[in-house]
1. Consider only pairs whose beta carbons are under 9 Å apart and that are at least six residues apart or on different chains; among these, list those whose first residue lies in region A:208-222 and is assigned by TED's automatic domain parsing to the domain that holds A:Ile236 and whose second residue is among the acidic types (Asp, Glu) and crowded, with 21+ Cβ neighbours inside 10 Å.
2. Whether any residue in region A:423-432 is touching a Ser or Thr at 6+ places or on another chain (Cβ under 7 Å) and aliphatic (A, V, I, L, M) is what I want to check.
3. Please verify whether region A:398-407 includes one or more residues that are without any contact (Cβ under 8 Å) to a residue 12 or more places away in the chain, more than 22 Å from A:Asp47 (Cβ to Cβ) and not aromatic (Phe, Trp, Tyr).
4. Go through A:Arg184, A:Arg246 for me and flag whichever is in contact with a Gly (Cβ under 6 Å, 6 or more places away or on another chain), away from RNA strand B (no atom under 16 Å from the Cβ) and open to solvent by 10 Å² or more (accessible area, probe 1.4 Å).
5. Take region A:363-373 and flag every residue that is farther than 13 Å from A:Phe287 by Cα and aliphatic (A, V, I, L, M).
6. Which residues, taken from region A:383-438, are under 31 Å from the mean Cα position of the chain (by Cα), away from RNA strand B (no atom under 15 Å from the Cβ) and not in a helix (DSSP H, G or I)?
7. Out of the residues in region A:23-36 meeting the condition of being near RNA strand B (Cβ under 8 Å from one of its atoms) and hydrophobic (A, V, I, L, M, F, W, C), tell me which one is most open to solvent (accessible area, probe 1.4 Å).
8. Tell me whether region A:331-341 contains one or more residues that are near RNA strand B (Cβ under 10 Å from one of its atoms) and under 23 Å from A:Ile373 (Cβ atoms).
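The values are calculated or read from the model by the stated rules, or taken from the named source; none is laboratory data. In this text, all values refer to a predicted model and were calculated from it rather than measured experimentally. So basically every Cβ, Gly included, is an ideal-geometry build from the backbone, and we count neighbours across all protein chains shown. Only protein heavy atoms, including side chains, enter the accessible area calculation; ligands, DNA and RNA are left aside. Shrake-Rupley method; radii C 1.70, N 1.55, O 1.52, S 1.80 Å.
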Amino acid sequence: MKIFNSYTNSLETFVPYHEGQVSMYVCGPTVYNYIHIGNARPVVFFDVVRRYFEAIGFTVKFVSNFTDVDDKIIQKAISEGVSELDVSNRFIAAFLADVEKLGSKTDYIKPRVTEYMPQIIAYIQEMVNKGFAYIVDGDVFFSVDKIPEYGKLSNRKLDDLLSGSRIEVNDKKKNPLDFVLWKRTVEGVHWNSPFSVGRPGWHTECVTMIDDIFSEEIDIHGGGIDIMFPHHENEIAQSLACKGHRCANIWMHNGRLNLEGEKMSKSEGNVVWVKDLSVDPMAFRMFLLSTHYRAPIAYSQDSLDSYVNEWQRLKKSVIGIFVTLDYNSVYHINCEITDPDITAIISAFTESMENDFNTANALTAVNQALKIINNLMRQKTDYERMNQILKAMNYMLMILGLSIDQVPLTANDKDLLARWEAARKAKDFQLADVLRNELAHKNLV
RNA sequence: GGACCCAUAGCCAAGAGGAAAGGCAAGGGACUGCAACUCCCUGAUCGUUGGUUCGAAUCCGACUGGGUCCUCCA
């Protein structure tokens, strides 16, 4: 298994710290609003990573946080006259609904910043004690000069960063690149700490939760490429300071999704919300997976629409072959896949996934399987092969999170199918059309 | 201003030194009671331009055109 590691900027062979186990953490949402389709990309992609590891036999400990302490949450709470908890609870629920809608698993570990305040304060204290952080008027800053390799992840030099013209001036900082660990404030939700009354900066939460939950360097840390700097860079710096390791062995970053060439962001106002998706969410998921995760995607309604067709085609054929097998009472979920064409497809699929999760090529294998299904469905006689290809197809779709429901036929369904078949045989096309409509309504034809 | 990435058929998109995957759309044909579905067939010297090489979409340079980060953003 090869994975591109942003930290070393190279494709690496994945070797887990503990055999048969994968520990992974993905930066989660700041819960002050709904998520847009760009936010959906890591939600879908890292779910596929998890599913693949699980499919090939790994036990995956998957953690993704909720940032529920943030300026925007406080502002929203103030403007709505409710508590921060009200705001975050509302958008956590909305987020999980969207995740489910996108076909990603929701049964992962979901720590919240507000539940980790003692650990966060202790982590900051440790950085102060070890001389990596300093306190000025109750604010705590991390001193990036203390970390020689600062900038390695995002491939930046401190000098280049300093020459950027937009770094804000802050007299309290020793180095303009130093970042805030703790901010003294009584506005909004705040906590007591040895430094002052205030709240933590946003870079410490992830690294604290990772340390608390895993107690060691993890296998994979994921997130969007746009938070590689400074967020992930800062996580590494803090982890090196406190724990002496880089927080994660492999750093994975998904590319951006841009709206018709333009950057989509809440502050720009050009946003498509996941909750408002106008197409089948599975078609959207397919659209996301049809481009390699590290490449940017230019979203447009047109490019999305072609996947609507593709998804419908796939769904119809998979349901069709299942119905045919079940109707003829020859469906064998545990059949053994021996057909060389079918094993070749699974091999191609696996090879693609093993090559840095190349889901675009994995979908090509799905299309090959679809072609075989459609060919078999013209004859509807080779039940053995039909069972094998359906099993292979379901395996691939399960990993991609594009599962298609295959509900066993009821006696009534079977009766309907039998009567339709009989009507056509008897050339009673009027009755046949009525029955066909009924079957179509039930998605059985 | 600084750092970096990308450019493959009408559209989307793999491939990363040795014969241009796949999908959508389009056209032709087959199948069909009708329709849909489905099946078969049809398409690219890989932005332009120099170079390196026996050989370049793949490596290097220049140019053009997009985009990202340096600032809250996934």
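1. Cβ pairs passing all conditions: A:Ile210/A:Glu235; A:His221/A:Glu235.
2. The answer is no, given that none of the residues of region A:423-432 is touching a Ser or Thr at 6+ places or on another chain (Cβ under 7 Å) and aliphatic (A, V, I, L, M).
3. Yes, region A:398-407 contains a residue that is without any contact (Cβ under 8 Å) to a residue 12 or more places away in the chain, more than 22 Å from A:Asp47 (Cβ to Cβ) and not aromatic (Phe, Trp, Tyr).
4. After ruling out the rest, the residue left standing is A:Arg184.
5. Answer for region A:363-373, where residues must be farther than 13 Å from A:Phe287 by Cα and aliphatic (A, V, I, L, M): A:Ala365, A:Val366, A:Ala369, A:Leu370, A:Ile372, A:Ile373.
6. A:Gly401, A:Ser403, A:Asp405, A:Gln406, A:Val407, A:Pro408, listed by residue number.
7. Filtering first and then ranking leaves A:Cys27.
8. The answer is no; no qualifying residue exists.
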